[in-house]
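Asker: Have a look at this one.
The values are calculated or read from the model by the stated rules, or taken from the named source; none is laboratory data. Nothing here was measured: the structure is a model prediction, and the numbers come from that model. Cβ coordinates were reconstructed from backbone atoms using ideal geometry, including for glycine residues, and neighbour counts include every protein chain displayed.
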Amino acid sequence: MGHRKKSAPRRGSLAYKPRGRAASIVPTVRTWPEISIDKPSLLGFAGFKAGSIHIITVDDREKTPNFGKPIFNSATVLSVPPIFIYGIRAYGENDKGLFVIRDAYSDKLPKGLSEKGKPKAIEDALKKIESNLDKVAQISAIVSVYPKDVGLSQKKPILFEVGVSGGDMKSRFEYLKSLLGKEVKINDVIKPGMYVDVIAITKGKGIEGPVTRFGIKRKSHKSRKSVRAVATLGPWHPASVMYTVPRAGQMGYHQRVEYNKKAIMVSNAKEAEITPKGGFPHFGVIKGDYIILKGSVPGPAKRLIKIRLPLRSPKAKVQPPKVLEISIRR
């Protein structure tokens, strides 16, 4: 049959290929933004997804019908313990890309790491980085976050890198040097009203067929015995199945990035209680710092979420939203 009665677009996006399981439950930040600010600052943070709530705010988007009126928003609460600045990593750049010049680590180890393999000669490492600042193309902080601090059972800290921007390279190095071996809180990096990107591993859904996975149409029950299978795998020649054909396979547990989530509130449980009666489902009680982001965030409860300052910064004005009411199930 060389034609069809109705034209139809292809089923499923080819932007996410291959749809395999993520290599690690800790997402990777591949790009850090360059922000033109006078003083250096960390470009990211990390937290653990607690759950969803509803929040009523005053709409601050100008030139919209609801401007100045109460608006009902769905929001996500993240429990964000302090991050410990464990080390400094300096990168150089050549025609093959970035390469590590030197790492410098703090004398103080993160809680939960063994003394075995503890780095030595910290002062020598710092001097080497400082002497090669003219060759440094990028500098970042090596940080750790403790799941135990938010009530999770994992004792071993999670280590990852956070980029730094603002000022010149020397001021960035001095800024990280001053933070080495110290803790940084969420309100030192992110303020209410700012926009952030969230990077996380989505919920895993296991093996799914092409109807659920790609949204192809079910066949008529009179057509074939297989109602939920793809109608054709392709032509006789070439005698191979192309990658564009929807097939069954892994669905979910993929790394995804969502851009420009507005930070509605950054607070502490002692100042403003956020936990509903009985605790957040599958998470529990928030006892420390937390951040409320407008909209949804990828992943299930307890999943590590990396927060990054916006890579595609919106043109909207950054101003703290006026919160009228937080709808928490009591």
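Asker: Being touching a residue at least 12 places away in the same chain (Cβ under 8 Å), under 25 Å from V323 (Cβ atoms) and of a type outside the set (A, V, I, L, M, F, W, C) is true for just one of K219, K270, K302, K294. Which residue is that?
Answerer: Going through K219, K270, K302, K294 in turn, the sole match is K294.
Asker: Which one is surrounded by the most Cβ atoms within 10 Å (Cβ to Cβ), of the residues in region 231-253 that are closer than 13 Å to E208 by Cβ and out of contact with any strand residue (DSSP E or B) (no Cβ under 7 Å at 6 or more places or on another chain)?
Answerer: P246
Asker: Being farther than 19 Å from I201 by Cβ and surrounded by 20 or more Cβ atoms within 10 Å (Cβ to Cβ) is the filter here, so list the residues in region 292-330 that pass it.
Answerer: I292, L309, P321
Asker: Pick from region 84-104 the residues that are in contact with a Gly (Cβ under 9 Å, 6 or more places away or on another chain) and touching a residue at least 60 places away in the same chain (Cβ under 8 Å): which of them is farthest from I291 (Cα to Cα)?
Answerer: Result: A104.
Asker: A follow-up question, please. Any residue in region 158-169 that is part of a strand (DSSP E or B) and in the same structural domain as I326 (by TED's automatic domain parsing)? Quick ask: steps written out before the conclusion?
Answerer: Step one: of region 158-169, the residues part of a strand (DSSP E or B) are 158-165.
If we keep only those that are in the same structural domain as I326 (by TED's automatic domain parsing) as well, we get none.
Looking for residues that are part of a strand (DSSP E or B) and in the same structural domain as I326 (by TED's automatic domain parsing), one finds none in region 158-169, hence no.
Asker: Please pick out the residue among K270, K225, K261, K219 that is surrounded by 15 or more Cβ atoms within 10 Å (Cβ to Cβ), modelled with pLDDT under 95 and not in a helix (DSSP H, G or I).
Answerer: Residue meeting the stated conditions: K219.
Asker: List the strands (runs of 3 or more DSSP E) inside region 40-130, counting only whole elements, that have at least 3 residues being closer than 15 Å to A263 by Cα.
Answerer: So the answer is 44-58, 70-79.
Asker: I'm trying to understand the selection: among the residues of region 24-36, which are more than 18 Å from V143 (Cα to Cα) and loosely packed, with under 10 Cβ neighbours inside 10 Å?
Answerer: The one that is more than 18 Å from V143 (Cα to Cα) and loosely packed, with under 10 Cβ neighbours inside 10 Å: S36.
Asker: In region 34-45, how many residues are modelled with pLDDT of 95 or more and under 17 Å from L98 (Cβ atoms)?
Answerer: Residues meeting the conditions: 1.
Asker: Considering only region 181-215, state which residues are among the aliphatic types (A, V, I, L, M) and buried (at least 20 other Cβ atoms within 10 Å of the Cβ). Talk me through it step by step, then tell me what you get.
Answerer: We begin by selecting, within region 181-215, every residue among the aliphatic types (A, V, I, L, M); these are 184, 186, 189-190, 194, 196, 198-201, 207, 211.
Scanning region 181-215 gives I186, V189, I190, V196, V198, I199, A200, I201.
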